[in-house]
Amino acid sequence: MTTTETPLPGKAANFIRNIVTDDLKSGKHKSIVTRFPPEPNGYLHIGHAKSICLNFGLARDFGGRCHLRFDDTNPTKEDIEYEDSIKENVKWLGFDWGEHMYYASSYFEQFYQHALKLIEKGLAYVDSLSADEMRALRGTLNEPGKESPYRSRGVDENLDLFRRMRAGEFEEGSQVLRLKIDMASPNINMRDPVIYRIRKVEHHRTGDAWCIYPMYDYAHCISDSIEGITHSICTLEFEDHRPLYDWVLDMLEAPCHPQQIEFARLNLSYTVMSKRKLLELVQEKLVDGWDDPRMPTLVGIRRRGFTPESIRAFCETIGVGKSDSFIDMSILEDAVREDLNIRAPRAMAVLRPLKLVIEGYPEGEADEFEGANHPNDPAMGTRTVPFSKTVYIERDDFQEEPAKGFFRLAPGREVRLRYAYIIRCESVLKDASGEIVEVRCSYDPGSRGGSAPDGRKIKGTIHWVSAEHAIDAEVRLYDRLFSTPNPGGKNEPDYRTSLNPKSIEVLTGCKMEPSLAASTLDSRYQFERLGYFCLDSKDSCPQAPVFNRTATLRDSWNEQKR
């Protein structure tokens, strides 16, 4: 366990690490216990990854433990499907809760008994006001609230009503249990908050055993206490809820009183992080489900080809602070580029094929060339790249009238085919509409491997795929889901208006080198000169492979701004 004031190797210091370090050094805690407490009402997104890495990372680095706890107190929105996805993605990120997986629903009886205790102490009461009536009495930021006429009910009456609420005698919305704190408090969260409401809905774990369910602010602090959490780390929106967290535990005289600490949540540009908005995108079919590779959900970015290592590196890079700010999407994209640049083998693929025939090359013959799987990592080995008289090149690698600064193939110009030969464009064939459909080239037989025998300099090198050996594939070029940095910001009431119409481009008839036929769902590649790609985990199959672009080789968005 590390208890020094210096940051751990490779770990940037932050205020939460400093708090933990001081607590261990002072003896306040012998070890730390953190928790990641998602509500299973949706899929995790990249913002949750920051919390996962923070909570599990602190426990790992300081020799403690981190609990995975499902905050399943609202049966109207929760589902086992979401639970399974959450567990899978926490493990995918590289973290393991071991035997410490918990459910708030396991504590329902304890929550109930604690509520009875608060009633007996005169600190909670059953309110029969409607939701609208309560809202009208709550007050504003500048005006105090007003007490409910039911606030003066006696202990015995409140106990009777609350027990009858549990027994199912009342309709939904007719009764709630509220804490009796201070309706004049400047903190609205302390103005007699509701801690129980009636929901006659079957719970996915407890069935119909309960028809009253606790509110988050009440259940969360008690759950933390039951589990012996030392540092309850939340995002900044819970800072105003901290007095309520402490008040409940103080009034219950809880033997374990965790310290709530707030940090700034992740706000990522060119996307939305609201669960409500993400759900709208899915329900309105503006995206292809929760796992659409354009979504900021972990299932989405995983399908797009991001690695867990790149997500952890991203979370480490952006750090932990107290001030809300926007993190530019380019930082996340750079993290996956940096990771895949090291781990992704190279391969050749042609996305917009243009047929190229090599005159003079023997008809019906084929050559084989050796290609390095990684230019900087010999341990990755090599692969065999077949060559034939007809190959495909990228349409963008040929210009009949080359622009200034264009060093690729053009009439009368030589270029190097990667790994193979030097070729020279001799002529082009066009269809009836004038579109170039074939380029005919000569080749230098002595330039096998790409080196000119007379030492002449060749400026351009292009990639290619043998027509005889190519495999066909579909390629999906993904880009940012929104075209503005802050969708739905102050000057944009509806975030949908900035959906990027070019966030996906589907290319069919792409040509791949045959080594890619052995790709698996975990395979990731750098298609030379094109970007980083992976097999699509949902739609791809051996007979019809589909590749997703994870990231371009460079930050094209910032290049467009320059």
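The values are calculated or read from the model by the stated rules, or taken from the named source; none is laboratory data. Since we're looking at a predicted model, the values are computed, not measured. Every residue, glycine among them, receives a Cβ derived from its backbone with ideal geometry; neighbour counts consider all protein chains shown.
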Original post:
Only one of (1) in a helix (DSSP H, G or I); (2) of a type outside the set (S, T, N, Q); (3) closer than 30 Å to N14 by Cβ is not met by I233, so which one is it?
Top reply: (1)
**OP:** For segment 111-120, indicate whether the set of residues that are surrounded by fewer than 13 Cβ atoms within 10 Å (Cβ to Cβ) and in the same structural domain as K200 (by TED's automatic domain parsing) is non-empty.
**Re:** yes
Original post:
How many residues are more than 11 Å from A344 (Cα to Cα) and small (G, A, S) when one looks only at segment 522-538?
Top reply: 1
Original post:
If you go through segment 188-218, how many residues are out of contact with any Asp or Glu (no Cβ under 7 Å at 6 or more places or on another chain) and in a helix (DSSP H, G or I)?
Top reply: 3
Subject >> Candidates P243, P293, filtered to the one that is outside the structural domain of C66 (by TED's automatic domain parsing) and either in contact (Cβ under 8 Å) with a residue 40 or more places away in the chain or in contact with a Cys (Cβ under 9 Å, 6 or more places away or on another chain) (or both) >> reply: P293
**OP:** Report yes if some residue within segment 299-319 is modelled with pLDDT under 95, under 30 Å from D192 (Cα atoms) and not assigned by TED's automatic domain parsing to the domain that holds D217; otherwise report no.
**Re:** no
Original post:
Residue check: is Y216 crowded, with 19+ Cβ neighbours inside 10 Å and modelled with pLDDT of 95 or more?
Top reply: no
Subject >> segment 262-310, residues that are more than 20 Å from Y478 (Cα to Cα) and surrounded by 19 or more Cβ atoms within 10 Å (Cβ to Cβ) >> reply: F263, L266
Subject >> Considering residues of segment 178-201 that are within 14 Å of K121 (Cα to Cα) and touching a strand residue (DSSP E or B) at 6+ places or on another chain (Cβ under 8 Å) only, the residue surrounded by the most Cβ atoms within 10 Å (Cβ to Cβ) >> reply: L179
**OP:** Evaluate the following for V437: is it closer than 28 Å to P353 by Cβ, loosely packed, with under 15 Cβ neighbours inside 10 Å and either in contact with an Asp or Glu (Cβ under 7 Å, 6 or more places away or on another chain) or of a type in the set (G, A, S) (or both)?
**Re:** yes
Subject >> Sole residue being crowded, with 21+ Cβ neighbours inside 10 Å and of a type in the set (G, A, S), chosen from A403, A349 >> reply: A349
**OP:** State whether the residues of segment 400-407 include one that is among the acidic types (D, E), in contact with a Lys or Arg (Cβ under 8 Å, 6 or more places away or on another chain) and assigned by TED's automatic domain parsing to the domain that holds P362.
**Re:** no
Original post:
Quick one: how many residues across segment 51-61 are more than 17 Å from G321 (Cα to Cα) and surrounded by fewer than 23 Cβ atoms within 10 Å (Cβ to Cβ)?
Top reply: 2
Original post:
Tell me, which residue of segment 371-388 that is surrounded by 15 or more Cβ atoms within 10 Å (Cβ to Cβ) and in contact (Cβ under 8 Å) with a residue 40 or more places away in the chain is farthest from the chain's Cα centre (by Cα)?
Top reply: S388
Original post:
Quick check: is even one residue across segment 272-282 without any contact (Cβ under 8 Å) to a residue 40 or more places away in the chain and more than 27 Å from P493 (Cα to Cα)?
Top reply: no
**OP:** Please go through segment 501-550 and pick out each residue that is more than 21 Å from the chain's Cα centre (by Cα) and of a type in the set (A, V, I, L, M).
**Re:** V506, L507, M512, L516, A517, A518, L530, A544, V546
**OP:** Please tell me if S427 is at pLDDT 95 or above, polar (S, T, N, Q) and not in a loop (DSSP other than H, G, I, E, B).
**Re:** yes
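Looking only at segment 316-338, decide whether some residue is in a loop (DSSP other than H, G, I, E, B) and within 26 Å of R418 (Cα to Cα). First the steps, then the outcome.
Step one: of segment 316-338, the residues in a loop (DSSP other than H, G, I, E, B) are 319-325, 328.
Then keep just the ones that are within 26 Å of R418 (Cα to Cα); that gives none.
There is no residue in segment 316-338 that is in a loop (DSSP other than H, G, I, E, B) and within 26 Å of R418 (Cα to Cα).
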**OP:** Would you mind finding the one in Y107, Y103 that is over 28 Å from F326 (Cα atoms), out of contact with any Phe, Trp or Tyr (no Cβ under 7 Å at 6 or more places or on another chain) and not assigned by TED's automatic domain parsing to the domain that holds D291?
**Re:** Y107
**OP:** Scan segment 533-543 for residues that are in contact with a strand residue (DSSP E or B) (Cβ under 7 Å, 6 or more places away or on another chain) and of a type outside the set (S, T, N, Q) and jot them down.
**Re:** F533, C534, L535, D536, D539
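So is V248 more than 30 Å from R178 (Cβ to Cβ), among the hydrophobic types (A, V, I, L, M, F, W, C) and buried (at least 19 other Cβ atoms within 10 Å of the Cβ) or not?
Judged against the criteria, V248 is not a match.
Return the total of residues in segment 356-365 being surrounded by 13 or more Cβ atoms within 10 Å (Cβ to Cβ) and either part of a loop (DSSP other than H, G, I, E, B) or modelled with pLDDT under 95 (or both).
2
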**OP:** State which residue pairs qualify: first residue farther than 22 Å from A219 by Cβ and inside segment 74-101, second residue in a helix (DSSP H, G or I) and of a type in the set (A, V, I, L, M) in any location, beta carbons under 6 Å apart, and separation of 6 or more residues or different chains.
**Re:** N89/L298; L93/I52
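Condition check ((1) touching a strand residue (DSSP E or B) at 6+ places or on another chain (Cβ under 6 Å); (2) crowded, with 19+ Cβ neighbours inside 10 Å; (3) in a strand (DSSP E or B)) across all residues:
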| position | (1), (2), (3) |
| --- | --- |
| S31 | no, no, no |
| P40 | yes, yes, no |
| A49 | no, yes, no |
| C66 | yes, yes, yes |
| R69 | yes, yes, yes |
| T73 | yes, yes, no |
| Y82 | no, yes, no |
| K91 | no, no, no |
